[in-house]
1. Consider Leu118 carefully, then state whether it is touching a helix residue (DSSP H, G or I) at 6+ places or on another chain (Cβ under 7 Å) and modelled with pLDDT of 95 or more.
2. Please go through segment 129-150 and pick out each residue that is out of contact with any strand residue (DSSP E or B) (no Cβ under 8 Å at 6 or more places or on another chain), outside any strand (DSSP E or B) and either of a type in the set (S, T, N, Q) or modelled with pLDDT of 95 or more (or both).
3. For segment 88-122: of the residues being free of Cβ contacts under 8 Å to residues at least 24 places away in the same chain and outside any helix (DSSP H, G or I), which is surrounded by the most Cβ atoms within 10 Å (Cβ to Cβ)?
4. Looking only at segment 14-35, filter to residues that are free of Cβ contacts under 8 Å to residues at least 24 places away in the same chain and part of a helix (DSSP H, G or I); which one of those is surrounded by the fewest Cβ atoms within 10 Å (Cβ to Cβ)?
5. Could you look through segment 46-77, keep only residues that are over 26 Å from Met138 (Cβ atoms), under 16 Å from the mean Cα position of the chain (by Cα) and at pLDDT below 95, and pick out the one that is surrounded by the fewest Cβ atoms within 10 Å (Cβ to Cβ)?
6. Quick check on Ala85: is it part of a loop (DSSP other than H, G, I, E, B) and in contact with a helix residue (DSSP H, G or I) (Cβ under 9 Å, 6 or more places away or on another chain)?
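The values are calculated or read from the model by the stated rules, or taken from the named source; none is laboratory data. What you see is a predicted model, and the numbers here were worked out from it, not measured in a lab. Cβ placement follows ideal geometry from the backbone for every residue including glycine, while neighbour counts extend to all protein chains displayed.
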Amino acid sequence: MGGYHFEPLREQPQEKKRVVAWLQEAFFGPQGMGLEATEERLAVRMGAAPLPQIWVALEGGEAVGTVSLELGEHPTIAGLRCCLAGLYVAPEKRGRGIGEWLCTQAQKEAAKMGYPSLTLYTPKAEGYYHRLGWKTTMYAALSTEHGLEWCAVMESPGGR
């Protein structure tokens with residue numbers, strides 16, 4: 001996608017505050033997590049280990065979106081799965097294909113690490129991911145910091 005660059009957030013530390021604000025607003029704040037807890041989660045994703053990891057889409061040197069990969073348990077399959085998490089595009093940049101591009105870049109990174117497919121859990125964006133070719137494999141009530149949350153469990157295109 002022309003004009004965008006995909007970089008690990010740890011290599012763009014000047015964008016950390018912006019990404020913390022996005023994740024706090026979209027994901028962690030609504031779950032009741034405070035800003036400090038969001039910053040701690042982000043710090044783990046910015047580590048040097050292969051996973052978890054967080055990337056940003058940059059346009060003109062400024063973050064316009066973010067996506068993460070992390071290891072997670074599947075409700076019915078033993079072992080850890082590589083999961084897409086925290087997909088977010090700045091509101092003023094939505095509708096330009098950046099979210100789809102971020103998903104594709106994350107899938108490429110996962111494949112480099114030996115994960116040919118990804119899993120994701122979404123309580124609200126099932127239709128969005130269907131449009132990107134993801135398949136719903138089941139619905140599950142997943143435990144979060146604040147109780148159970150009903151989510152679609154989805155597999156990436158080409159997944160098992």
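1. Details: touching a helix residue (DSSP H, G or I) at 6+ places or on another chain (Cβ under 7 Å): yes; modelled with pLDDT of 95 or more: yes.
The answer is yes for Leu118.
2. Selection gives Arg131, Leu132, Gly133.
3. To start, the set of residues in segment 88-122 that are free of Cβ contacts under 8 Å to residues at least 24 places away in the same chain comprises 91-92, 94-96, 104, 108, 111-112, 114.
Then keep just the ones that are outside any helix (DSSP H, G or I); that gives 94-96, 114.
On the way: Arg94: 13, Gly95: 9, Arg96: 16, Gly114: 8.
For segment 88-122, the residue satisfying everything is Arg96.
4. Within segment 14-35, the subset free of Cβ contacts under 8 Å to residues at least 24 places away in the same chain is 14, 17, 20-21, 24-25, 28-30, 34-35.
When the remaining residues are screened for being part of a helix (DSSP H, G or I), the result is 14, 17, 20-21, 24-25, 28, 35.
On the way: Gln14: 9, Lys17: 11, Val20: 17, Ala21: 13, Gln24: 19, Glu25: 13, Phe28: 20, Leu35: 12.
Selected residue: Gln14.
5. Gly47
6. Numbers: part of a loop (DSSP other than H, G, I, E, B): no; in contact with a helix residue (DSSP H, G or I) (Cβ under 9 Å, 6 or more places away or on another chain): yes.
It is false that Ala85 is part of a loop (DSSP other than H, G, I, E, B) and in contact with a helix residue (DSSP H, G or I) (Cβ under 9 Å, 6 or more places away or on another chain).
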